[in-house]
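The values are calculated or read from the model by the stated rules, or taken from the named source; none is laboratory data. Owing to the predicted nature of the structure, the values given are computational and were not obtained by experimental measurement. For the accessible areas, the whole protein counts, side chains as well, though only heavy atoms, and no ligand, DNA or RNA atoms are used. Shrake-Rupley method; radii C 1.70, N 1.55, O 1.52, S 1.80 Å.
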Amino acid sequence: MSSASVVATGRWTDPDDGFRAPAGEVHAWVPGTNQTVCGLALSREGFQRFPHISWPDIMPATGRHADEVTDVCRRCAAGMGARRGEQRWTRRDPRP
Ligand SMILES: [Zn+2]
C-alpha cells in the first residue's frame, strides 16, 4: 500500500492558486475504495476526499500540503508504514 491518497474532516483552499488542501484530521485513503485505510466508512464520517494529494504530502514533518493538518490518524499511519525519523507504535516492549 504505497500510493494512497487522503481524506480529511475539513478542507482549505489556497487563496493564491485555489489549490484544495486537507484540513483538520487526515486519514489515508485508496481512491476507488469507500473506506479509509483504518476502516472508517467515508460516507458515514463525512470526510472530504483529496484524490490529488498523496499520503506523504500531508505528513506534518515533511509534507508540502500539511499546513492546515491538525491530526494524522495513527492507525492509518501505522497501516501506511512509519516514515523515517518518526516514532512508531510497536507491540514489543523495549526493555532497557
Ligand atoms: Zn485513519
Handout entry: At q = 0.19 Å⁻¹, base-10 log of I(q)/I(0) for segment 1-71 (Debye sum, equal scatterers on each alpha carbon)
Key = -0.67
Problem - HN-Hα J in Hz across segment 36-52 - Karplus 6.51, -1.76, 1.60, θ = phi - 60°, x for Gly and Pro - result: 6, 4, 8, x, 7, 6, 4, 5, 6, 8, x, 6, 8, 9, 10, x, 8
Exercise for the section: Would you work out what percent of the accessible area of segment 5-78, with all protein chains in place, is carbon or sulfur (probe 1.4 Å)? Expected result: 44 percent
Handout entry: Karplus-derived HN-Hα couplings along segment 64-76 (A = 6.51, B = -1.76, C = 1.60, θ = phi - 60°), whole Hz, x at Gly and Pro
Key = 8, 10, 9, 4, 9, 7, 9, 8, 10, 4, 5, 6, 5
Practice task
Would you grab the residues whose amide H sits under 5 Å from the one on Val6? Only those 5+ places off in sequence or on another chain, please, with H modelled 1.01 Å from N.
Solution key: Trp29, Phe50, Ile53
